[in-house]
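What follows is a single structure, written as structure tokens, with notes after it.
The values are calculated or read from the model by the stated rules, or taken from the named source; none is laboratory data. A quick note: this is a predicted structure, and the numbers were derived from the prediction, not measured. Ideal geometry is used to build each Cβ from the backbone, glycine not excepted, and the neighbour counts take in all protein chains shown.
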Amino acid sequence: MNEFQEWKNVCKAKQIVKVLNQRHFKASYVATRKEAKEKLIGMLEEGASVAIGGSTTLSEMGMVEVLRNGNYQFFDRYQKLPFDPDIVDIHRQSLTADYLITGTNAITKRGELVNTDCTGNRVAPMIFGPKNVIIVAGVNKIVDTLDDAFKRIREIAPMNSKRIKHETPCAETGFCVDCDCKKRICNFTTIIHNGIKFEGRIKIIIVAEDLGY
Ligand code: SF4
């Protein structure tokens, strides 16, 4: 990336931080994913219970390893469990965690957060449950409008389906066909319009680089 693209990313990141704070989120700017990781770790108290939303952003930052090795009560959704229902139990426990850390599928220029889930285990606690929600997002998540956010989600969903090995048409073709199969991953879509109800609960770290997809 050349210096002008980097400059553009910094401008985009700083502008969306301003908009998000006007919408009563607690947003902050960092230049790199390394800074985002340090900032995020600094926001977690030792001993706190922490849940994580499925996120390539957080995977790229190495946050699962941090939480596994740190002094936290980590509701580890990635651990190997003998039965599927056990992981649902972890998702249930996550609803009462001190912290949910997660990415977001899209942020509109007006400051709305748009997300789609398979089971709802990420979008539900983003809205209510955990005392604190910390969202990390690169500038690639910023879109113009809600329609652009929905379009973005349809474009990235096939990659998610492939990543989590769901047998969906899009995991074969790479394109969404608005499927009707049992393994469909696009079942629950939320728009968080603002952070006004529980001021300060949703904290957003905006990174001036592309992160996740
Ligand atoms: S609706 Fe179905 S085909 Fe479309 S992205 Fe979601 S899982 Fe894939």
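Does Lys18 satisfy the condition of being without any contact (Cβ under 8 Å) to a residue 24 or more places away in the chain and not polar (S, T, N, Q)? Give the steps one after another, and end with the answer.
Working: without any contact (Cβ under 8 Å) to a residue 24 or more places away in the chain: yes; not polar (S, T, N, Q): yes.
In short, yes.
Of the numbered conditions (1) over 13 Å from the mean Cα position of the chain (by Cα); (2) at pLDDT 95 or above; (3) of a type in the set (Lys, Arg), Arg122 fails exactly one; give the number of that condition.
Here Arg122 clears every test but (1).
Please go through (1) within 12 Å of the ligand (Cβ to nearest atom); (2) in contact (Cβ under 8 Å) with a residue 12 or more places away in the chain for Ile204 and return the number of the only condition it doesn't satisfy.
With (1) within 12 Å of the ligand (Cβ to nearest atom); (2) in contact (Cβ under 8 Å) with a residue 12 or more places away in the chain applied to Ile204, the lone miss is (1).
Hey, among Ile107, Ile87, Ile156, Ile127, which residue is within 20 Å of Arg23 (Cβ to Cβ), aliphatic (A, V, I, L, M) and out of contact with any helix residue (DSSP H, G or I) (no Cβ under 6 Å at 6 or more places or on another chain)?
Values: Ile107 fails: out of contact with any helix residue (DSSP H, G or I) (no Cβ under 6 Å at 6 or more places or on another chain); Ile87 fails: within 20 Å of Arg23 (Cβ to Cβ); Ile156 fails: within 20 Å of Arg23 (Cβ to Cβ).
The unique qualifying residue is Ile127.
Going by the conditions given, is Ile142 within 12 Å of the ligand (Cβ to nearest atom), crowded, with 18+ Cβ neighbours inside 10 Å and within 17 Å of Thr116 (Cα to Cα)? Can you show your working first?
Numbers: within 12 Å of the ligand (Cβ to nearest atom): no; crowded, with 18+ Cβ neighbours inside 10 Å: yes; within 17 Å of Thr116 (Cα to Cα): yes.
Taking the combined requirement at face value, the residue does not satisfy it.
This table checks each residue for (1) surrounded by fewer than 17 Cβ atoms within 10 Å (Cβ to Cβ); (2) modelled with pLDDT of 95 or more; (3) part of a loop (DSSP other than H, G, I, E, B).
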residue	(1), (2), (3)
Arg68	yes, yes, no
Asn71	yes, yes, yes
Tyr78	yes, no, yes
Val88	yes, no, no
Arg92	yes, no, no
Thr96	yes, yes, yes
Thr104	no, yes, yes
Ile107	no, yes, no
Arg110	yes, yes, yes
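Residue check: is Phe128 within 30 Å of Lys34 (Cα to Cα), more than 16 Å from the ligand (Cβ to nearest atom) and of a type in the set (Phe, Trp, Tyr)? Talk me through it step by step, then tell me what you get.
On the way: within 30 Å of Lys34 (Cα to Cα): yes; more than 16 Å from the ligand (Cβ to nearest atom): yes; of a type in the set (Phe, Trp, Tyr): yes.
So Phe128 fits the description; yes.
Within the range 1-33, can you find the residues that are over 24 Å from Asn132 (Cβ atoms) and in a loop (DSSP other than H, G, I, E, B)? Can you show your working first?
Within the range 1-33, the first condition is being over 24 Å from Asn132 (Cβ atoms), and the residues that meet it are 1-12, 15.
Residues satisfying the conditions are Met1, Asn2.
Here is a list: Gly129, Gly54. Which entry is in a loop (DSSP other than H, G, I, E, B) and under 22 Å from Arg184 (Cβ atoms)?
Gly54
Could you run through the range 168-201 and say how many residues are surrounded by 11 or more Cβ atoms within 10 Å (Cβ to Cβ), of a type outside the set (A, V, I, L, M) and either near the ligand (Cβ under 6 Å from one of its atoms) or within 30 Å of Pro130 (Cα to Cα) (or both)?
Residues flagged as surrounded by 11 or more Cβ atoms within 10 Å (Cβ to Cβ), of a type outside the set (A, V, I, L, M) and either near the ligand (Cβ under 6 Å from one of its atoms) or within 30 Å of Pro130 (Cα to Cα) (or both) within the range 168-201 amount to 19.
Kindly indicate which of Ile90, Ile52 is more than 14 Å from the chain's Cα centre (by Cα) and β-branched (Val, Ile, Thr). Working first, answer last.
Details: Ile52 fails: more than 14 Å from the chain's Cα centre (by Cα).
From the options Ile90, Ile52, the qualifying one is Ile90.
Go through the range 165-189 and report how many residues are more than 21 Å from Thr104 (Cβ to Cβ), among the β-branched types (Val, Ile, Thr) and part of a loop (DSSP other than H, G, I, E, B).
Narrowing the range 165-189 to residues more than 21 Å from Thr104 (Cβ to Cβ): 165, 167-169, 171-175, 177-183.
With the extra rule that they be among the β-branched types (Val, Ile, Thr), the set shrinks to 168, 173, 177.
Then drop every residue that is not part of a loop (DSSP other than H, G, I, E, B), which leaves 168, 177.
Final tally of qualifying residues: 2.
Tell me whether the range 184-205 contains one or more residues that are basic (Lys, Arg) and more than 20 Å from Val19 (Cα to Cα).
Taking the range 184-205 first, the residues basic (Lys, Arg) are 184, 197, 201, 203.
Those left that are additionally more than 20 Å from Val19 (Cα to Cα): 184.
Yes, that holds for at least one residue.
What is the number of the single condition among (1) under 30 Å from Glu6 (Cβ atoms); (2) away from the ligand (no atom under 16 Å from the Cβ); (3) of a type in the set (Asp, Glu) that Glu155 does not meet?
With respect to (1) under 30 Å from Glu6 (Cβ atoms); (2) away from the ligand (no atom under 16 Å from the Cβ); (3) of a type in the set (Asp, Glu), Glu155 is out only on (2).
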